[in-house]
Structure formats: C-alpha cells, structure tokens
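Each remark here refers to the structure printed beneath this line.
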Amino acid sequence: ASAQFQLAVPVAVVFAPGSVPGDLPRPLPFRDVQEMELSVNLRTTVTSRYETIYRSTTAQEEAALGAATAREADAALHLLQDTSLGSLTMYVVPKTSSLLPQGISVYVGKHRSALVRAGGGLAALRTLLRQLTQVMSFTASSITAALSDRVPDGQLGPDARRHLKSSLGYEITFSLLNPDPKSHAVEWDIEEAVNRYVQPVLDKLSLVANFSVDSQILYYAVLGVTPRFDKESSSFLLSTHSLPHVINPVEARLGSSAASLYPVLNFLLYVPERSHSPLYIQDKDGAPVSTNAFHSPRWGGIMVYNVEAPSSPQTSLPLHVEVDMVRVMEVFLAQLRLLFGLSREELPPEFLLERPGNEGLADWELDRLLWAHTVENIATVSTTLTSLAQLLDKIGNIVIKDDVASEVYRAVASAQSAIAELAAGHLHSAFQASKEAVTSSERAFFDPSLLHLLYFPDDQKFAIYIPLFLPMAVPILLSLAKIVRETRQRKKEPTKMD
C-alpha cells in the first residue's frame, strides 16, 4: 500500500536583544517554511516541513533569559513557551552571553527548547537550527527505522531493528536469577526500586502506551553457556559470541511471554554460582564490559551481579547478599532507553544536552518517540487493511458482518485523520488517531466471525455434504434412470392405428 506522509514541525526562533543577525530578509516577526523529502521506497515518501516563525523575545522571556545558568533559564522559559507536543522553540542569545558555558554554542534543555549563541549571519544560524531539529525532532534514520518493514534491508542502519515495534502496551518483567541458593541468599528490594527509578519513566511514557510491571525470583536457573576460566585474573569470562546462547535456556524458565498480549521486556539480574564467581562479560576486543551487562534487541537485558567471596573460608553458607539497586537500575534504565530507541546520538562538541533527571527522558525525546510511533502505526494499519482486503477477495462466499465493516471504516477514517493531523503539525492528536486506527484495524482483522471461515476451504465443504446427500441421491438417480428408459421404450413402440 502506498503512503505519503507530511510531518510538519512548528518551530519558533526567538531573538534576545543584541542577538538579531544583520542579514535578515525582512523585519521581525516573519514566517519561513522549509521542506525536505525522504523517499523510503517507490510507494512511500515522507516530507518534513519545518514551519518557522522568527520573532523577538517578550519582556517575560527576556527576564527569564537573565537567569544565572542555562538550566535555570530553561526552567523559567518552559512556563512561557508553547508546550504542545512536537513543537520546538530556539532562543538566540547574544554572543557575549554568560548563560552558555565557554566553548558551547548550543544548549538543549529538558523540555522543548534550546539556547543558541548568536554568531555569523542567518545562514550560519540556519545550519545550527537544522542540526538542532535533527537532534530534537526526528531524523531520516528514525523515520526509516519506524518504516523498517517497507525499507529494503540494504538501506537500514545497524540500529533500525533494535527498537521495539510500536504497540498499545508493553509488559516489563524484572527477574532475579539465583542458580546457587545453597551458597547465596540474595535479597533485592525491587518494589522500592521500581517505584523510585522505573515508575517516573513509565509515567512519562504513559502517553505512548500502557505498561505493566512484575518481578520474580528464579532459583536454580543457570545460563546456557559455561564460562571460560581465565588464570591471569582468576575469574570466569563470557565472550561476546557466546552471549546469544545465554538467552534461550533462561527464557524457557521465564514463562511470561507465552500468555502475554503485548511485547514483554525482560530485565534479568544474574548472581553467578559460587563455582563460577566472579563472572565478567567481555566485549569483542576482549576487554571487560564496565557495566557487566548486555542487551538483546527487542527482548531485554541481562546484568551479571558478582558477590564478593567471603574473607575467611570458615564463613557459614549461604552468604547473605543485599543487592545494590541503584547500580542495577542505572543499567536497566539505560537498556530500557536503548530498546525504545532513545539512545543519545553523537553530537558536535559545541552542543550541550541537559540530563533529563528523574524522569529518565526529556520532553523532546518523548516527541521523537511519538513521531516515529505515529508513522509506524499508520503504516501498520495500511498493511493490515491491505492484507485483510486481499484475504477476503480470495474467499468468495464469505459474509462480512456490519460490525467488521464499521471497524474497517473507522480504521480508515482514523488513519486519514492521523495523516491530516501530522501535516497540520498536531503531533498529540495525530498519535491518538493512529492508535485508534491500529485498534480498529486489528479488531477487524482478528474478528471471530472471519477467523473460522478462513479455515473452511471448498474441499472441506464437499467432505461434509457428500455423505449427507448420497443416501438421498441414490433413489433419485434410480428414478431418473427409470424415467429415461421408459421414455425411450415409448418412442420405439409404433403407435396403434384404429
């Protein structure tokens, strides 16, 4: 199915006093539109349209820019700016401004705005703004990754299939694996850690999908790979090429994904048995991985948590182990960001990004996710409905109930509405419409009234009906044969003449 996407990004460029370039084409305020086209495949094109308004600061914005640090200015400006999803505001400050640290020309805040140091003319400013929109909005690669099902493999970046597919919900499972409970009595305060570190991130992501979180402790669950003993460091090592073989045996014990409607993210904390301690993960160059963890695309992550050997050999077993949840959650949250495609890209050295703090992701990162998921949802709906239409074409005698038809109409209307809202720059309503379209298209596709007809081909009908008709057909056929015989006989006999 073909699809034309137009993604409109409302951008405001706000000049503080003393920062207006001398070569502006006309007096402030004025509007400007720039378009870029990205061709995904022959039938799918994406046009990004940056609708920029150039204006001067208001008195309140000017006061906010008088703050001592960029962070304080960002917090004050957040209260004054357009906070609608997908919009960006760039504040241009004078070259001499002390807001930005030495050597930094762009500061990206944790909401939807950035501070840019003035310098050079309009052309130099536009180059910086283009770089900024690539950081804070969406890039060709993030949209191509969202449409990865339609893109030839050769055009995809290495990370394109790493991110989770867009879904209406996700289930997150934290598992503690203790293969040697005789030696280690391991305790972890997972409830407190989830409330403190994970929940703020999920609250922020609640706009994207519904999340459920559970945890479990598995005893005697071992990794599927025997680690190699290294004499030099007197420790055990897991090399990069053996990591994929670790997951399958462990996954068989997890048992959560079988009954789940939604994708499951698994985060495993593995406490190695005493006979394999300490255990370290090596990278492809043979160096130890600093976090002692690895992640698997679209699946989750595993962290190895080593227990210090007892100081004296007489120590009674099992050893009591209290897990340091701060260290563990740091790793798991970083892996969660990777799975959602929120990893920070390499930036020029003059860019400074504010850390998102307790919430785990900045507002503009949430927008980035929504742009990609909205496009992916629309493409999914298009594929689902095309498949359904092709399927129904092949089954001649299928009966489509009114409620299935209305779900199809609703899905089409919602997808069209999402495309229109994207083109108008209304990211929030576009995303909501794309979610409704996915829900309706899946309801239509998996409707029970259609499902049982898909498995009822013509040869089955003959197999069912022939045994019923045969007993009735025998006397009818015999009677027909008798009538035909009698008719022929009558024709042969000469008619009697009086």
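The values are calculated or read from the model by the stated rules, or taken from the named source; none is laboratory data. Everything numeric here is computed off the predicted structure, so don't read it as measured data. Ideal geometry is used to build each Cβ from the backbone, glycine not excepted, and the neighbour counts take in all protein chains shown. SASA here: full protein model, heavy atoms, side chains in, ligands and nucleic acids out. Shrake-Rupley method; radii C 1.70, N 1.55, O 1.52, S 1.80 Å.
If Leu77 satisfies all but one of (1) assigned to a helix (DSSP H, G or I); (2) open to solvent by 10 Å² or more (accessible area, probe 1.4 Å); (3) in contact with a Ser or Thr (Cβ under 9 Å, 6 or more places away or on another chain), what's the number of the condition it fails?
(2)
For the structure I just gave you, tell me whether Ala209 is open to solvent by less than 60 Å² (accessible area, probe 1.4 Å) and touching a Lys or Arg at 6+ places or on another chain (Cβ under 8 Å).
no
If you check Gln390 against the conditions, is it assigned by the TED database to the domain that holds Val264, more than 23 Å from Asp74 (Cα to Cα), outside any loop (DSSP other than H, G, I, E, B) and polar (S, T, N, Q)?
no
Can you work out which of the residues in segment 407-429 that are touching a residue at least 60 places away in the same chain (Cβ under 8 Å) and of a type in the set (Gly, Ala, Ser) is surrounded by the fewest Cβ atoms within 10 Å (Cβ to Cβ)?
Among those residues, the one meeting the criterion is Ala424.
Looking at Asp324, Asp363, which is the one that is within 21 Å of the chain's Cα centre (by Cα) and charged (D, E, K, R)?
Just a single option satisfies the conditions, and that option is Asp363.
Step by step: first the residues of segment 178-197, then only those that are of a type outside the set (Val, Ile, Thr) and over 22 Å from Arg253 (Cα atoms), then the one that is surrounded by the fewest Cβ atoms within 10 Å (Cβ to Cβ). Which residue is that?
The residue in question is Glu192.
Test of understanding: among Val250, Val201, Val246, Val271, which residue is touching a helix residue (DSSP H, G or I) at 6+ places or on another chain (Cβ under 8 Å), closer than 21 Å to Trp299 by Cα, buried (at least 16 other Cβ atoms within 10 Å of the Cβ) and touching a residue at least 40 places away in the same chain (Cβ under 8 Å)?
The match here is Val201.
With the requirement that a residue be open to solvent by 20 Å² or more (accessible area, probe 1.4 Å), without any contact (Cβ under 8 Å) to a residue 60 or more places away in the chain and not in a loop (DSSP other than H, G, I, E, B), what does segment 334-367 give you?
Ala334, Arg337
Pick out the one residue from Ile400, Ile395 that is out of contact with any Phe, Trp or Tyr (no Cβ under 8 Å at 6 or more places or on another chain) and either in the same structural domain as Ser175 (by the TED database) or open to solvent by 60 Å² or more (accessible area, probe 1.4 Å) (or both).
Testing whether each residue is out of contact with any Phe, Trp or Tyr (no Cβ under 8 Å at 6 or more places or on another chain) and either in the same structural domain as Ser175 (by the TED database) or open to solvent by 60 Å² or more (accessible area, probe 1.4 Å) (or both) leaves just Ile400.
Wholly within segment 235-308, which strands (runs of 3 or more DSSP E) include no fewer than the required count, namely at least 1 residues that are at pLDDT below 90?
Because the criterion is at least 1 residues that are at pLDDT below 90, the strands (runs of 3 or more DSSP E) in segment 235-308 that meet it are 235-238, 279-281, 293-296.
Among the residues of segment 106-123, which ones are modelled with pLDDT under 90, part of a loop (DSSP other than H, G, I, E, B) and open to solvent by less than 30 Å² (accessible area, probe 1.4 Å)?
Ala118, Gly121
Take segment 23-47 and flag every residue that is open to solvent by 90 Å² or more (accessible area, probe 1.4 Å) and in a loop (DSSP other than H, G, I, E, B).
Arg26, Pro27, Pro29, Leu42, Arg43
In segment 124-142, which residue that is among the small types (Gly, Ala, Ser) and either in the same structural domain as Trp371 (by the TED database) or buried (at least 20 other Cβ atoms within 10 Å of the Cβ) (or both) is farthest from Gln102 (Cα to Cα)?
If we take residues in segment 124-142 being among the small types (Gly, Ala, Ser) and either in the same structural domain as Trp371 (by the TED database) or buried (at least 20 other Cβ atoms within 10 Å of the Cβ) (or both), then Ser142 is farthest from Gln102 (Cα to Cα).
Does Leu336 qualify as being in the same structural domain as His184 (by the TED database) and farther than 27 Å from Arg71 by Cβ? Lay out the reasoning, then the answer.
On the way: in the same structural domain as His184 (by the TED database): yes; farther than 27 Å from Arg71 by Cβ: no.
So Leu336 fails the test.
Between residues in segment 210-231 that are assigned to a loop (DSSP other than H, G, I, E, B) and residues that are β-branched (Val, Ile, Thr), which pairs lie under 6 Å by C-beta distance while being six or more apart or on different chains?
Leu223/Val246; Gly224/Val246; Val225/Val246
Determine the pairs where a residue that is free of Cβ contacts under 8 Å to residues at least 24 places away in the same chain, located within segment 316-327, has a partner that is part of a helix (DSSP H, G or I) and surrounded by 10 or more Cβ atoms within 10 Å (Cβ to Cβ) with Cβ atoms under 7 Å apart, the partner being 6 or more residues away or on another chain.
As it stands, the answer is none, since no pair meets every condition given.
Against the conditions (1) acidic (Asp, Glu); (2) outside any helix (DSSP H, G or I); (3) at pLDDT 85 or above, where does Glu330 fall short? Just the number, please.
Only one criterion is unmet by Glu330, namely (2).
Only one of (1) at pLDDT below 90; (2) under 18 Å from Arg368 (Cα atoms); (3) of a type in the set (Val, Ile, Thr); (4) open to solvent by less than 20 Å² (accessible area, probe 1.4 Å) fails for Thr83. Which number is that?
Status for Thr83: all satisfied but (4).
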